[in-house]
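Peer 1: Sharing a structure below in structure tokens format, with a few things to ask.
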Amino acid sequence: MRLEYFQMLDAVVEIDRSAATLKAASRVPLGSPVFEGHFPGHPLVPGVLLLETMAQASGYLLLALTTFQRMPFFANSKSANFRSFVRPGDPLEIAAKRIHAGSGYAVMSAQIIREGECVCDAQMMFRLVPFPAPELQQHVFSEGRRLGFLEEG
Amino acid sequence: MSATFDAVAEIISANTDVSESDIKPESHLMRDLGIDSLAFLDLAFEIDQRFGIQMPVEDWMQSVNQGDVESEEFFVVGSLCRQIDALVAAKVAA
């Protein structure tokens with residue numbers, strides 16, 4: 001996890017396309033400028049970045065399900081629950097599931113688990129649109145390879 | 001009023017600031033009820049779930065944007081209800 005670069009996931013460990021589920025892993029860094037402000041003497045991963053982490057897991061699942069032909073853009077979250085503090089060094093598992101495949105959109109649920117405990121969960125909606133720029137598509141391909149679920153080539 | 005209209009009006013009022021009493025069969029979702037594209041996605045999700053269908057919203061938008069049909073074909077409440085009924089009937093027949 002590199003908070004300053006919005007690289008919230010370290011690896012995708014499992015994708016089940018028939019069940020439309022994904023599991024990813026990430027470890028919170030021990031140090032980050034984010035913790036200097038959030039909060040002095042009491043470093044915590046901001047809830048908005050936990051939501052982003054769940055959104056990225058959901059987004060990569062949608063990319064896999066659309067064979068990287070559509071870019072998922074985060075549209076809304078009607079429900080996000082932050083149940084426990086997430087601190088530097090915490091090992092995280094992120095689970096995402098598509099709960100509805102619409103026409104041009106998808107609704108996802110996700111949760112972050114630390115050592116068996118659900119620390120946050122959310123339901124999110126994404127718009128699925130053609131890639132607006134080839135650079136973005138290349139970046140997403142590159143990230144897919146970094147995360148280990150997209151073959152070289 | 002049809003059961004479909006009642007259900008759609010309930011979904012619209014539950015997911016937007018529009019009062020159910022202001023929703024008429026001739027109401028245009030965007031022009032009359034002020035529903036924007038994001039709010040429409042919420043409605044599409046609720047309608048898909050309620051009726052067990054997948055409204056082909058992308059195809060509809062493409063048809064409208066290409067000038068093949070007027071937006072009233074899909075985005076007036078009464079027309080939308082007819083589209084939903086047709087999708088439900090097609091699903092039952094399949």
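Peer 1: With a cut-off of at most 16 other beta carbons within 10 Å, and DSSP calling the residue loop, which GluC sites (Glu not before Pro) in the range B:10-94 qualify? Please list them.
Peer 2: Qualifying residues, ordered by number: B:Glu26, B:Glu70.
Peer 1: Grab the other residues whose beta carbon is less than 12 angstrom from that of A:Leu3, score K and R as +1, D and E as -1, and report the net.
Peer 2: So the environment of A:Leu3 carries a net charge of -1.
Peer 1: Explain nothing, just the number: relative contact order of the range B:3-93, from Cα pairs under 8 Å at least 6 residues apart, as a whole percent.
Peer 2: With pairs under 8 Å counted, the relative contact order is 37 percent.
Peer 1: Sticking with this one: Using only Cα atoms and rounding to the nearest 10 degrees, what angle (0 to 90) does helix A:47-65 make with the longest principal axis of chain A?
Peer 2: That works out to roughly 20 degrees.
Peer 1: Still on this structure, please answer the following. Mean Kyte-Doolittle of at least 0.5 and a Cα length of 15 Å or more along the axis: which whole DSSP H helices of chain B meet both?
Peer 2: Passing helices, by number: B:3-15, B:37-51, B:77-93.
Peer 1: Any lysines with Cα under 29 Å of the B:Lys24 Cα? List them, leaving off those in the same chain fewer than 8 positions away.
Peer 2: A:Lys78, B:Lys91
Peer 1: Then there is this: Where in the range A:49-153 are there GluC sites (Glu not before Pro) that are in a DSSP coil and have at most 13 other Cβ atoms within 10 angstrom of their Cβ?
Peer 2: Hits after loop and neighbour filter: A:Glu115, A:Glu151, A:Glu152.
Peer 1: What is the range A:3-131 by shape, rounded, prolate or oblate, if you read a ≥ b ≥ c off the alpha carbon gyration tensor as root eigenvalues and call it rounded for a/c under 1.5, prolate for a/b larger than b/c, and oblate otherwise?
Peer 2: Note, shape of the range A:3-131 comes out prolate.
Peer 1: Provide A:Tyr105, A:Tyr5 in ascending order of the number of other Cβ atoms located within 10 Å of each residue's Cβ, fewest first.
Peer 2: Fewest to most other Cβ atoms nearby, the residues stand as A:Tyr5, A:Tyr105.
Peer 1: Rounded, prolate or oblate: which one fits the protein assembly as shown, using the alpha carbon gyration tensor with axes a ≥ b ≥ c (rounded when a/c is under 1.5, else prolate when a/b beats b/c, else oblate)?
Peer 2: Note, shape of the protein assembly as shown comes out prolate.
Peer 1: Under a point-charge model restricted to the Cβ atoms of Lys and Arg (+1) and Asp and Glu (-1), what is the dipole moment magnitude of chain B relative to its Cα centre, in debye to the nearest 20?
Peer 2: 280
Peer 1: Same structure again: From the backbone phi of the range A:71-76, what are the Karplus-calculated ³J(HN,Hα) couplings (6.51 cos²θ - 1.76 cosθ + 1.60, θ = phi - 60°) in whole Hz, Gly and Pro given as x?
Peer 2: 8, x, 10, 4, 9, 6
Peer 1: Hey, if you put +1 on the Cβ of every Lys and Arg and -1 on every Asp and Glu Cβ in the protein assembly as shown, which of A:Ala122, A:Val107, B:Phe5 ends up farthest toward the positive end of that dipole?
Peer 2: A:Ala122
Peer 1: Another question about this same structure. With 10 angstrom as the radius, rank A:Thr21, B:Thr4 by how many other C-beta atoms surround their C-beta, starting from the fewest.
Peer 2: A:Thr21, B:Thr4
Bear in mind that the values in this text are calculations on the coordinates, not laboratory data. Since the model is a prediction, treat every value here as computed from it, not as a measurement. Here the Cβ is made from the backbone with ideal geometry for all residues, glycine too, and neighbour counts use every protein chain on show.
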